[in-house]
Amino acid sequence: MIATTILQQIGGRRFAAMTGSRDFMDLGDGVRMNLSRSKTSANRLTITLDKETDTYRMRFYRMTVSKHFEVKTKDIAVYEGVYCDMLEEIFTSVTGLYTIF
């Protein structure tokens, strides 16, 4: 339910079509997705709900897997206290990908 709400707030199907984001995963308290190429090296985005403040945490990061199956992550940008009307703007500022025309 929370993941669906987040996707609707960030733009829904239009968001996925315009940004090339894919592989959406419901985390229970948020959503994780793979990002297409962007101006940063981030290839993953996790948006989670902070129920106490009713705000979101956005974590843009790069995840790589070595040939020995070692997973490494590197944070590109992390935003705390994000309101629903700020999701699209922050996404565009970090990735350079627009969610609306």
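The values are calculated or read from the model by the stated rules, or taken from the named source; none is laboratory data. Predicted model only: the values in this text are computed from it and were never measured. Note: ideal-geometry Cβ built from the backbone for every residue, glycine included; neighbour counts use all protein chains shown. Accessible surface is based on the protein model in full, side chains and every heavy atom, while ligands, DNA and RNA are left aside. Shrake-Rupley method; radii C 1.70, N 1.55, O 1.52, S 1.80 Å.
Assorted remarks:
- Additional length obtainable on full extension of the chain from THR5 to PHE24, 0.36 nm per residue less Cα span: 5.6 nm
- Most to least packed among 36-44, 54-62 [average Cβ atoms within 10 Å]: 54-62, 36-44
- For the stretch 54-101, the share of accessible area belonging to carbon and sulfur comes to 55 percent (1.4 Å probe, ligands and nucleic acids excluded).
- Rounded to the nearest 500, the helix-only mean residue ellipticity at 222 nm of the chain stands at -7000 deg cm²/dmol, with each DSSP H run of n ≥ 4 adding -39,500 (n - 2.57).
- When the stretch 1-60 is described by a simple charge dipole with +1 on each Lys and Arg Cβ and -1 on each Asp and Glu Cβ, the residue from TYR56, GLY20, GLY30 located farthest towards its positive end is GLY20.
- Classification of the stretch 1-48 by its C-alpha gyration tensor yields an oblate form. The axis ratio a/c (a ≥ b ≥ c) is 1.5 or more, and b/c is at least a/b.
- Overall shape of the chain was characterised from the C-alpha gyration tensor. The equivalent ellipsoid obtained from it has semi-axes of 21, 16, 13 Å, in decreasing order.
- Length gained when the stretch SER41-ASP54 is fully extended (0.36 nm per residue, less Cα-Cα span): 1.8 nm
- Sparse-neighbourhood loop sites, GluC sites (Glu not before Pro) in the chain - DSSP loop, at most 12 other Cβ within 10 angstrom: GLU52, GLU70
- Within the chain, percent of DSSP bridges classed antiparallel, to nearest 5: 100
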